[in-house]
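Trainee: Got a structure for you, questions after.
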Amino acid sequence: MRWQGNRESDNVEDRRDDGASGGGGMLPIGGRGLSLGGIVLALLASWILGVNPLTLLGLLNGGGLPQGAPVATQPKPHQAPNDEEARFVTTVLASTEDVWSAVFAQAGKTYEKPTLVLFRGTTPTACGAGEAAMGPFYCPGDRQVYIDLSFYDTLRQQLGAPGDFAQAYVIAHEVGHHVQNLLGITGKVDALRARQGEAQANATSVRVELQADCLAGVWAQHAQAQLNWLEQGDVEEALNAASHIGDDALQQAAQGRVVPESFTHGSSQQRVSWFRRGLSQGHLSDCDTFAARSL
């Protein structure tokens, strides 16, 4: 992927040296600390129940912030990160800005750019305390994408998905959630899930995540048309990443069995299929997972 020399986004907040972030074994929520073991249990429970892990971690610890609650943070002077990994993600973010600004403009809308927050360990968000163990995530409460760049080590070494375009796909997927938020999909889905039982809510979550995969594919198609930056094997890297983070693949690796009714992100085949669908034509209309009879 020929990403060097392209525009880098200014909408990046680097908290990696911030006192609020830390790599210790305790996650401070609600005035107390949650052990790493507690975090793992919470993440597994959220995976099974289809609950936002940020919310569940707060509940387990007897406090925390509800989704959308403001977080008091000290404003810091903006400083552009200059290390290689950070420059890569800021370049990918810039590409998502260019693509979605153009797509929204064609529809007569204005694209509001999200902020990408780089952190280490833990960080405050409007959705509660963010933890590196959660992987990259989007918070609709503050319209920011959060990532601890050590996740890319996990992607390469533990999930078997190396490559820079695999890393770009991760950012594009989270930005896809931001696009959903701007289009009003997130609010409608949250209201729907609140009325549904566990199995139905999980199925709804799958459609949300597969749509974000499709939107990542839409970005990839437009970004390639704009920048011509993909090299042989790059698309396969993204497809490989989508395959390795399917619910069936993760469940099989973690517990030796697959429980489809607990899926919240979709199977490997589904994630690959919807990314391909967005990639093939680059049309937003192709990503209506909620209207699809079969995923």
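Trainee: Can you find a residue that is in contact (Cβ under 8 Å) with a residue 60 or more places away in the chain, polar (S, T, N, Q) and on the phi < 0 side of the Ramachandran plot anywhere in region 251-259?
Mentor: no
Trainee: Same structure again: Can you find, within region 103-124, the residue that is surrounded by the fewest Cβ atoms within 10 Å (Cβ to Cβ) among those that are more than 14 Å from the chain's Cα centre (by Cα) and assigned to a strand (DSSP E or B)?
Mentor: Only one residue tops the list, namely P124.
Trainee: Checking Q167 against (1) in a helix (DSSP H, G or I); (2) more than 24 Å from Q211 (Cβ to Cβ), which test does it fail?
Mentor: (2)
Each reported figure results from applying straightforward, stated rules to the coordinates on display, with no laboratory input. The model shown is predicted, which means the values in this text are computed figures rather than measured ones. Glycine also receives a Cβ, built like all others from the backbone with ideal geometry; neighbour counts cover every protein chain displayed.
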